[in-house]
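For reference, the structure is listed below as structure tokens.
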């Protein structure tokens, strides 16, 4: 084991160099974990949308909150929806989560209303729904990279140049002490 250690590193390597090497090898694992976290956040968001749509469909069947079973189903579906939405918000920004949730839910209800309840879908409704979908897409393309916003991605803070931080800190302390 000691011969492998010396083969990989020379005796002149500093501890900082070894730490940087460790960080560089750990970045791949961190990115995989971040991708997994982001994928789960989108699964939670999809579940929130599905249960919001189901809750709204069962709400129509409550007939003014006079039927007990549809009332219970509505409350359960919307409860699951908000739990899943809260789980998605752990890793995704609220502006993105809410716009997707509201936009996709609205578009889905417009088409489900047409399909299940024979509600009319005039041209202006199609255009309005299309604009909602375009708006959601545009909002999501203006967000920062998902790897930067996911919790647990600290690669940026771990790669700070220590020498420049120490110099700046020394300058700030000297200015405070002189004044």
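The values are calculated or read from the model by the stated rules, or taken from the named source; none is laboratory data. Quantities reported herein were computed from a predicted structural model and do not represent experimental measurements. Don't worry about glycine lacking a Cβ; one is built from the backbone with ideal geometry, like all the others, and counts go over all protein chains shown.
So here's what we get for this one:
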| item | result |
| --- | --- |
| Condition met for residue 80 (in a helix (DSSP H, G or I), touching a residue at least 40 places away in the same chain (Cβ under 8 Å) and surrounded by 13 or more Cβ atoms within 10 Å (Cβ to Cβ)) | no |
| Any hit, segment 89-97, residues being at pLDDT 95 or above and assigned to a helix (DSSP H, G or I) | yes |
| Segment 129-154 residues that are at negative phi and loosely packed, with under 14 Cβ neighbours inside 10 Å, paired with ones that are in a loop (DSSP other than H, G, I, E, B) and modelled with pLDDT of 50 or more (beta carbon under 9 Å, 6 or more apart) | 144/93; 151/90; 151/91 |
| Residues of segment 80-102 satisfying the condition of being over 11 Å from the mean Cα position of the chain (by Cα) and within 16 Å of residue 56 (Cβ to Cβ) | 80, 81, 82, 84, 101, 102 |
| Filter pass, residue 99 being farther than 30 Å from residue 127 by Cα, crowded, with 18+ Cβ neighbours inside 10 Å, in contact with a helix residue (DSSP H, G or I) (Cβ under 6 Å, 6 or more places away or on another chain) and in contact (Cβ under 8 Å) with a residue 40 or more places away in the chain | no |
